[in-house]
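For reference, the structure discussed in these notes is given below.
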Amino acid sequence: MAIYHLSAKIISRGKGQSATASAAYRAAEKIRDERTGLIFDYRRKGEVYATEIIAPDNAPDWVNSRETLWNQVELFERRKNSQLAREFDMALPLELTHHQKQELVRKFVKAEFISRGLAADLAFHNFDSHNPHVHIMVTTRTVDDQGFGAKTRHLNKKDFLLSLRKSWETHTNEALEQAGSEQRIDHRSLEQQGINRIPQIHLGANVMAMMKRGIVTERGEQYLSIQATNSELETLEQQLVELEQVISSQEQSKPNSRLRQSPIKEETDSESDKLDESDTQVSFSSKDLNLIDSLPLSPEFRPEYLFQQQEYAAKVAPMVAAWLRVNQISSYQDTQNKIDLSNGLLTIRDVEGNYKMIVQYQGLDEQNNAIWDYVYLPLNSPGLTMQDVKLFTSPAMKQFIKEKTTMMIQSNTQQSNQRRGRRR
């Protein structure tokens, strides 16, 4: 799944950093710093897929040498707190091929940095893992045939960083579309997008390596905790989507009863026992009905009755299952009904223990809708009535389930944010 990640930082001598050391590390190369005489050798790093330097057309040839470029930067900047380079770190979509990932970065770099007269040093990392990304070191000064020019301080401003984040979203989504992928990224925060998720933290190469070796770290534990919580939130939201799909499929129902959390109560009128003909559209030829009438079967086994029960169960089962779930119970009994959900078998019985509905959970279809398989009732079972359908699919019940599910999502999000706050 394509994710959005873009971080920006400044490599500054005032923080004890150097452009030569940073470039050597990100490119996994050996570079000697001419200003200090130090040698930075990171050739044993194994996560670098490729590196390259992109510069303006009128830049001198020495810009294309990584060691020369960043040594010239170190020598040109004389202040003890000089800003030596800007670095940008971006996650790359797994949906793109390695070549497409590189082309995406090249187009972005040329549009945002080279067009402004800057030089950029690219290092592509972890292309054969679940975390492909790129490090881009950009000069803080323009470069032309005369060498380094003026500082570009406006690149440090918030407005530029916001436009840069939007630009990366645009470039990435265009690349995904051209690759035939339906995945998209969004530069906005999860809160701005209205998504109930906890922002995930970036692990970094060192933490990822320790996790692979089975070493427990505080940051790794925090990452896994956020991942687990977001999975729970996603499940809850999916359940809410399923509920809304069920509600939309029951628009023809005209319920006049209520189902509340505790106890279940119903309100009926003189019309409650009348069947809504639009709910059971089953047709039989006169020949079929004559054949049925000649058989020694009880009324419960007439095909129109079975079709009717299947129709009713299809309406009732998802709502009852959702009601049990949000109340965090597996069984319930009042003066009218006894409901049980065990091992995927959902049953409704009357006060005398006679089955009114039996359905078996079969999993999810391609649209992630729950599939319930109707199980034929025992002989002389009362079955569901239109009154039951109205009771278990009433607007009050639907609203209660939606509100309860939303509360569960908000509660999980709040608890997770509190846990994150304590870790900090």
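Screening D89 with (1) in a strand (DSSP E or B); (2) modelled with pLDDT of 95 or more gives one miss only, at (2). Of the residues that make up the range 54-63, is at least one of a type in the set (D, E, K, R) and touching a residue at least 40 places away in the same chain (Cβ under 8 Å)? For the range 54-63, residues of a type in the set (D, E, K, R) and touching a residue at least 40 places away in the same chain (Cβ under 8 Å): absent. For the range 385-403, indicate whether the set of residues that are of a type in the set (A, V, I, L, M, F, W, C), in a helix (DSSP H, G or I), at pLDDT below 80 and not assigned by TED's automatic domain parsing to the domain that holds E304 is non-empty. Scanning the range 385-403 turns up at least one residue that is of a type in the set (A, V, I, L, M, F, W, C), in a helix (DSSP H, G or I), at pLDDT below 80 and not assigned by TED's automatic domain parsing to the domain that holds E304. Considering S163, S181, the condition of being in contact with a Leu (Cβ under 9 Å, 6 or more places away or on another chain) and farther than 20 Å from L122 by Cα is satisfied by S181 alone.
Of all residues in the range 303-317, those that are acidic (D, E) have Cβ atoms under 6 Å from Cβ atoms of residues that are assigned to a helix (DSSP H, G or I), 6 or more apart or on another chain, in E311/D279.
Mind checking which residues of the range 101-134 are part of a loop (DSSP other than H, G, I, E, B) and surrounded by 15 or more Cβ atoms within 10 Å (Cβ to Cβ)?
To start, the set of residues in the range 101-134 that are part of a loop (DSSP other than H, G, I, E, B) comprises 113, 117-119, 126-132.
Selection gives F113, G117, L118, A119, N126, F127, N131, P132.
Within the range 60-84, the set of residues being at pLDDT 95 or above, small (G, A, S) and under 15 Å from T140 (Cβ atoms) is empty.
Given the criteria more than 35 Å from the chain's Cα centre (by Cα), surrounded by 14 or more Cβ atoms within 10 Å (Cβ to Cβ) and of a type in the set (S, T, N, Q), does S381 qualify?
yes
One residue alone among K151, K157, K166 is under 30 Å from E77 (Cα atoms) and at pLDDT 90 or above, and that residue is K151.
Listed residues K338, K287, K356; which is surrounded by fewer than 16 Cβ atoms within 10 Å (Cβ to Cβ) and either more than 30 Å from Q410 (Cα to Cα) or modelled with pLDDT of 85 or more (or both)?
Just a single option satisfies the conditions, and that option is K287.
Only one of the numbered conditions (1) modelled with pLDDT of 95 or more; (2) crowded, with 21+ Cβ neighbours inside 10 Å is not met by P56, and that is (2). If N81 passes every condition in (1) touching a residue at least 24 places away in the same chain (Cβ under 8 Å); (2) assigned to a strand (DSSP E or B); (3) more than 20 Å from A28 (Cβ to Cβ); (4) more than 35 Å from the chain's Cα centre (by Cα) but one, which one does it miss? With respect to (1) touching a residue at least 24 places away in the same chain (Cβ under 8 Å); (2) assigned to a strand (DSSP E or B); (3) more than 20 Å from A28 (Cβ to Cβ); (4) more than 35 Å from the chain's Cα centre (by Cα), N81 is out only on (2).
The values are calculated or read from the model by the stated rules, or taken from the named source; none is laboratory data. Everything numeric in this text was worked out from a predicted model, so none of it was measured. Every residue, glycine as well, gets a Cβ built from its backbone with ideal geometry; the counts of neighbours run over all protein chains shown.
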